[in-house]
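One structure below.
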Ligand SMILES: Nc1ncnc2c1ncn2[C@@H]1O[C@H](COP(=O)(O)OP(=O)(O)O)[C@@H](O)[C@H]1O
Ligand SMILES: [Mg+2]
């Protein structure tokens, strides 16, 4: 039996899920136990940590006009960061007497152009070289999860729905999950996998971080605890302008990214059109736009699917109480909970999902949900770099 088959044959595996989201805040590493494979897979978190990017690296990742050389160098540099995050998780595993079987790395998205998003060809590209992660950790690495779904006609995103279905599904009713990362996305977790629906509602923290960054001339990276948004007053015409975007009208499945909602494109013009307002007013308005776009997407595309009145929220947006409060206000009668209430830390959820997806890849099982991505069929995701 080769080494990879031996991992698949184990009744219980341990994997390290690695994720760097569109917020460009750092590498999330989740050490996860996984029992079984396929629909009956069970999983739980053992350890989680984020390795933040130094500001200079974050700035280079966010730079709009990266050359092929920049990207090539960043690919290896991020590989080293991912490896560092994985090595820290390996230390945590060793301290608990756990043997880690594999790493599963989403990488960091450099470009994501799903089919149907606009003119021109489609494609997706994540960096954080798997060869470097494998070389530094001695673990086999599953990476490049999005490509195969796209090759099968899908959007390559969202990929978290399969993990959500494994972790959150109920026998007789649908459950709604929402991840507020850089981009916000909903999953209607139906009892049957074939009926799971998921889509990006639009910008999440990316817009709030972007507004703070633009308005502070790069001095501040986020609205910590939503304090500025809580202190400001919404500029109503600006709010209307931000919500007047064709993406919000499109029917799911749909996915989006920095290409559509990066601050330069989505915010610079509208923010500059309003003068005489405070920093707090602008941040309050952008935060309100994010909340409203999420609430609108819920009403238009989720509630109609007969899901019960509860949303389980994960992602860094959970740490912004102003945003969470506005979503709750915009959706009266809907209970807004967090994944923490279900034993899964909000920050760890996506990295954990990729550990689960990597395990399924090693076991030869598909990890995409065609109704969520628009792919023609379920496909086994990712590339495997042996240890
Ligand atoms: N204490 C906090 N207050 C406000 N926002 C926060 C806080 N902690 C995290 N965030 C937000 O969460 C973002 C990171 O969320 P994350 O889920 O990692 O997104 P991504 O998957 O896109 O990287 C940060 O960029 C920030 O906007
Ligand atoms: Mg992140």
Please state which one of 136, 146 is in the same structural domain as residue 60 (by TED's automatic domain parsing), touching a residue at least 24 places away in the same chain (Cβ under 8 Å) and closer than 28 Å to residue 368 by Cβ.
-> 146
Look through the stretch 2-43, keep the residues that are modelled with pLDDT under 95 and within 16 Å of ligand 2 (Cβ to nearest atom), and return whichever of them is nearest to the chain's Cα centre (by Cα).
-> 21
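The rows are residues; the columns are (1) over 16 Å from residue 326 (Cα atoms); (2) free of Cβ contacts under 8 Å to residues at least 12 places away in the same chain; (3) under 22 Å from the mean Cα position of the chain (by Cα).
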| site | (1), (2), (3) |
| --- | --- |
| 206 | yes, no, yes |
| 215 | yes, no, no |
| 222 | yes, no, yes |
| 225 | no, no, yes |
| 230 | no, no, no |
| 235 | no, no, no |
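Criterion first (in contact with a strand residue (DSSP E or B) (Cβ under 6 Å, 6 or more places away or on another chain), farther than 25 Å from residue 231 by Cβ, in a loop (DSSP other than H, G, I, E, B) and away from ligand 1 (no atom under 16 Å from the Cβ)) does residue 297 satisfy it?
Numbers: in contact with a strand residue (DSSP E or B) (Cβ under 6 Å, 6 or more places away or on another chain): yes; farther than 25 Å from residue 231 by Cβ: yes; in a loop (DSSP other than H, G, I, E, B): no; away from ligand 1 (no atom under 16 Å from the Cβ): yes.
No; evaluated as a whole, the condition is false for this residue.
Give 252, 237 a once-over and let me know the one that is part of a loop (DSSP other than H, G, I, E, B) and either more than 16 Å from ligand 1 (Cβ to nearest atom) or at pLDDT 95 or above (or both). First the steps, then the outcome.
Details: 237 fails: part of a loop (DSSP other than H, G, I, E, B).
Step by step, each of 252, 237 is checked, and only 252 is part of a loop (DSSP other than H, G, I, E, B) and either more than 16 Å from ligand 1 (Cβ to nearest atom) or at pLDDT 95 or above (or both).
The values are calculated or read from the model by the stated rules, or taken from the named source; none is laboratory data. Remember, predicted model here, so these are calculated numbers, not experimental data. Here the Cβ is made from the backbone with ideal geometry for all residues, glycine too, and neighbour counts use every protein chain on show.
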